[in-house]
Amino acid sequence: MSPPRPALRPLDEALAELLGFASALPELESVATFDADGRVLAQDLVSALHVPPQDNSSMDGYALCCADLASASGVLPVSQRIAAGSAAAPLVRGSAARIFTGAPIPAGADAVVMQEDCELLDGAVRIKAPPLPGQWIRRAGEDVTLGATVLASGARLTPAALGLAASIGMADLLVRRRPRVALFSTGDELVMPGAVAAVDMKPGAIYNSNRFFLRALLLRLGCEVTDMGIVPDRLDATLLALREAADQHDLILTSGGVSVGEEDHIKPAVQALGQLALWQIAIKPGKPFAYGRVQGTHFIGLPGNPVSSYVTFLLLVRPFLLKLQGVTELATPSIAATAHFDWPRADRRREFLRARRNDAGGLDLFANQSSGVLTSAVWGDGLVDNPPGQTVQYGDSVRFIPFAEVL
Ligand code: AMP
Ligand code: MG
């Protein structure tokens, strides 16, 4: 009798353990704010000024003091002209100042009347709609106050965050260094696009697709990638590739060969050169997942089936790489959504089903959920996170992970 199979690890447990092995890379570097999109901030950004620096007009129009209008039958002489970027003299009481969007509010003025609500007379202006105090004035510091922390260390920089950093005068930013990742695919059946034409493919051969999306995903996550290509299904070749990859890299990422077939050499090779700490997770697709160390370097082995590889990357490798870069928010974002499909067969494993939002506010499911069908991940715009043992009926609320939030 064969020994009982060890229970597969639940995803949350495996992820917590995996993240426990990762710590932020110690090296920091200064980069131009222009070039910092996607990088991870390694300093708190504290503002040395108010943004905007002074009260300014949010309209083209006339700045005035509301109290002056009560006694002036709605007509005020125009006493100065203030354009954006110029300095304003104090308002002459009983007058209005011509003002443009972004120009500083003159001392003594407490409102702006937009030009559409004014009639220009000779050297004077008639106010057709009496303003309320504060109208069309953007207050100094209403975006950022002096001394405020606008972005904290561990924030991943978005285009909007770069703008915010620039708005407080930051030309350079301190960020975490990029993780260096060595990537290779295993499989004697794999052929590179361009190496062999489709009509000349030998029986059993397939094109290497994982290499393309894994490399792209790594680059999007801010990594430097050493692409080591395809490694044959032999123990000696696997050992050689792992040894080479362990040098000068923070992470070795592989796809395929991580099951227990005779042609799967990843597990024994990692055990020979280091140790395996995680092995197989109770998710579908994506059961064959491995974490370990090879000569001190992090090692992650992803399944060969393309969708399994893709899904395990998003759920496990993504937060791991974010943690290496010092990111504080590591949780995979998900939202509540309504199933516009039935999923009558529950699985013992937690499932990640490829689905797409429809224009009726629900989720449609891709018809073929096989782990080899990469079309599902292109057709879909996210994953339904379906708990173990759960069936789904049309109209049920489900958790949905939009790809856009994790790419
Ligand atoms: P493995 O995990 O090596 O047993 O592979 C599982 C399945 O995924 C097999 O059908 C492989 O042919 C396929 N596969 C493995 N690696 C790749 C790859 N890089 N690109 C496309 N398919 C792959
Ligand atoms: Mg294989």
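Just so it is clear, none of the values below were taken in a lab; they were calculated from the coordinates. Everything numeric here is computed off the predicted structure, so don't read it as measured data. Quick reminder, even Gly has a Cβ in these numbers, built from the backbone with ideal geometry, and neighbours come from all protein chains shown.
Please work out whether the chain counts as rounded, prolate or oblate from its C-alpha gyration tensor, where a ≥ b ≥ c are the square roots of the eigenvalues and a/c under 1.5 means rounded, while otherwise a/b larger than b/c means prolate and anything else oblate?
Prolate, because a/c is 1.5 or more and a/b exceeds b/c.
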Student exercise, the chain dipole from Lys, Arg, Asp, Glu Cβ charges, in Debye to nearest 20: 500
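Using Cβ counts within 10 Å as a stand-in for footprinting exposure, how do 294, 78 rank, fewest first? Intermediate results must be reported in sequence, preceding the final value.
Values: 294 24, 78 19.
If I rank by nearby Cβ atoms, fewest first, I get 78, 294.
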Long-range amide H contacts for residue 294: which residues qualify at under 5 Å (H placed 1.01 Å from N, peptide plane, sequence gap of 5 or more or a different chain)? 299
Return 401, 300 ranked ascending by Cβ neighbour count within 10 Å, so the fewest neighbours appear first. 401, 300
Under the √(5λ) rule applied to the eigenvalues of the Cα gyration tensor, what semi-axes describe the equivalent ellipsoid of the range 56-138? Give them in Å, descending. 17, 12, 12
Can you give the three extents of the C-alpha atoms in the range 335-406 along their principal axes, from longest to shortest, in whole Å? 28, 27, 21
About the Cα centre of the range 250-315, what is the dipole size in debye to 20, counting +1 per Lys and Arg Cβ and -1 per Asp and Glu Cβ, all else neutral? 200
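Please report the antiparallel percentage of the DSSP beta bridges confined to the chain, to the nearest 5.
Numbers: 53 of 81 bridges.
Roughly 65 percent of the DSSP beta bridges within the chain come out antiparallel.
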Picking from 40, 157, 302, whose Cα lies most toward the positive end of the charge dipole for the chain (charges on Cβ: Lys, Arg +1; Asp, Glu -1)? 302
Here the net charge surrounding residue 38, from other residues whose Cβ is less than 9 Å away from its Cβ (Lys, Arg +1; Asp, Glu -1), is +2
Excluding residues fewer than 8 places away in the same chain, name every one of the aspartates and glutamates whose C-alpha is closer than 19 Å to that of residue 323. 12, 13, 17, 27, 29, 37, 44, 224, 250, 405
With +1 on the Cβ of every Lys and Arg and -1 on the Cβ of every Asp and Glu, and nothing else charged, how large is the dipole of the range 56-138 about its Cα centre, in debye rounded to the nearest 20? 160
